[in-house]
Amino acid sequence: MRFIIATSYFAGLGFALRLIDEGHEVIVGVRGIDDRRSARCYDLVGNGLVTKRPLRDLLHDRQRYHDAIWIWDENHSVEENELLRREGFQVFGGGRYADTMEHDRDACLSFVDRYGLVPPPSHAFDDAEQALAFLNEHPESAYVFKPDRGESHDTWLPQSEASADANLELRQHLRSLRSDSPFLLQERKDGIEANIEAWFVRGEPRFAFMTLESKMKLTADLGSLAGCAFDFAFAVPLQSRAVRETIGRLFPAYAAAGYTGFGDANFIAARDGIWFFEKCERFGYNAHPNLFWNLNRDPLGDTFAALIDGSFRPNVAPGFGASCTMYMDPRVPGKVIQFPESIARDLYLYDVYKEDGRLLTAGYYDDVLIANAFGYTIPTAWDAVMATAHQVRFPGRSFRVDGSGTNYPSSPLRRYEALQAMGYI
């Protein structure tokens with residue numbers, strides 16, 4: 001088969017490499033970036049490993065690729081995606097709906113509210129002085145700072161457990177702001193955070209899985225927010241409470257739209273019910289490499305093709321997939337990445353290129369690769385992924401080592417136990 005991976009930041013490079021390994025023809029369609037300072041490193045990513053062409057050139061010559069399956073690895077290039085769909089191309093991922101759900105918070109909340117998914121109470125502000133006055137009026141409540149525009153790492157969470165102390169901590173953060181961008185203060189909810197995702201084919205839900213991820217970069221939930229430091233993935237029944245009370249409420253909307261793709265909901269299960277956080281219906285980060293590398297028993301190309309033609313039926317192993325993001329600190333281009341061939345298929349490559357037979361860091365992105373492994377329990381899956389990660393070597397190699405630990409706030413093991421105890425899974 002022929003595949004085109006449309007990419008903005010090379011999140012789909014690992015998919016492209018797996019498809020090539022399966023014997024398919026693959027072209028990576030590169031959107032490009034505007035930051036000239038990063039362009040040299042950006043241009044290195046994937047060199048010597050995949051065939052790259054500018055996405056705009058592929059669109060211009062698209063009739064040559066009418067037989068290809070076009071895969072969007074993140075939500076970008078919306079007009080190009082919609083053009084291909086209108087002209088009858090085989091497209092999976094991306095598009096206006098998914099982009100809106102991820103990037104237009106008001107539209108997303110309006111959509112899910114119609115089906116009974118409600119976010120924690122939030123309050124919008126144009127400047128810090130307004131927010132400080134509000135916090136003074138609600139001194140016993142804790143809030144999370146969320147900018148209207150910006151990256152995920154711009155979200156700010158107070159570290160204090162006591163609500164009054166968290167309120168004071170947030171006040172100091174607001175006084176330190178140098179940006180005049182509008183923002184939200186969202187009430188901090190005490191509960192169990194998780195992500196549930198269902199797969200739809202022409203509006204019919206066919207499969208669901210849950211991920212429990214830790215987003216803090218350093219061991220014990222220290223450091224800054226990362227896209228995903230590590231996660232655990234496992235299949236859940238479509239009839240489970242976790243599905244029914246979250247993404248399951250939206251099943252009528254997906255059916256009415258005849259939607260093919262992913263539908264997800266990030267939520268907190270709390271004493272006072274389910275609280276919705278966000279939808280991020282796209283590839284990227286660890287969840288899908290974890291699922292495809294560790295749990296899915298069919299070839300990747302066959303899975304993509306089946307989702308497109310409507311024949312998809314899940315063939316997923318019981319147990320747990322574990323992933324661990326390996327990043328470079330500090331980030332430097334041209335450094336050698338080494339690992340034994342025996343673990344090559346357990347790695348999902350991000351920020352890499354090949355030159356003179358050596359795999360090297362491109363230096364564009366902090367995250368170099370994702371290590372993956374399978375286990376029948378969360379602890380055994382983590383032991384297996386650590387055994388893989390420790391065999392990968394590059395300068396400045398960094399990764400979390402506490403995935404099966406229980407002495408930090410986002411412990412997936414404790415969250416899994418809690419969700420079981422509450423009857424969600």
So which of PHE262, PHE234, PHE304, PHE267 ends up being within 22 Å of SER8 (Cα to Cα) and either assigned to a strand (DSSP E or B) or assigned by TED's automatic domain parsing to the domain that holds ASN75 (or both)?
PHE262
Given the condition of a type in the set (Ser, Thr, Tyr), modelled with pLDDT under 95, touching a Cys at 6+ places or on another chain (Cβ under 7 Å) and closer than 22 Å to ILE5 by Cβ, answer yes or no: does some residue in segment 309-327 qualify?
no
Being part of a strand (DSSP E or B) and modelled with pLDDT under 90 is the filter; apply it to segment 135-182 and report the residue that is nearest to PHE267 (Cα to Cα).
LYS146
Can TYR285 be described as under 20 Å from SER410 (Cβ atoms) and in contact with a Gly (Cβ under 8 Å, 6 or more places away or on another chain)?
yes
Within segment 86-107, can you find the residues that are farther than 20 Å from PRO119 by Cβ and buried (at least 17 other Cβ atoms within 10 Å of the Cβ)?
PHE89, GLN90, VAL91, PHE92, GLY93, GLY94, GLY95
Given the conditions (1) in a helix (DSSP H, G or I); (2) closer than 25 Å to ASN47 by Cα; (3) small (Gly, Ala, Ser), every one holds for ALA381 apart from (2)
Subset of segment 384-425 [part of a helix (DSSP H, G or I) and within 24 Å of ARG297 (Cβ to Cβ)]
ALA384, VAL385, MET386, ALA387, THR388, ALA389, PRO412, TYR416
Taking segment 207-255 as the region of interest, how many residues are at pLDDT below 95 and among the charged types (D, E, K, R)?
3
Can you tell me which residue in segment 204-228 is surrounded by the fewest Cβ atoms within 10 Å (Cβ to Cβ), limited to those that are assigned to a strand (DSSP E or B) and among the hydroxyl-bearing types (Ser, Thr, Tyr)?
SER224
Counting just the residues of segment 311-330 that are aliphatic (A, V, I, L, M) and touching a Leu at 6+ places or on another chain (Cβ under 7 Å), which one comes out farthest from VAL201 (Cα to Cα)?
MET326
Does segment 28-51 contain any residue that is under 30 Å from CYS108 (Cα atoms) and either among the polar types (S, T, N, Q) or assigned to a helix (DSSP H, G or I) (or both)?
no
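The values are calculated or read from the model by the stated rules, or taken from the named source; none is laboratory data. Predicted, not measured: the structure shown is a model, and the values here were computed from it. Neighbour counts run over all protein chains shown; Cβ positions are idealised from the backbone, glycine included.
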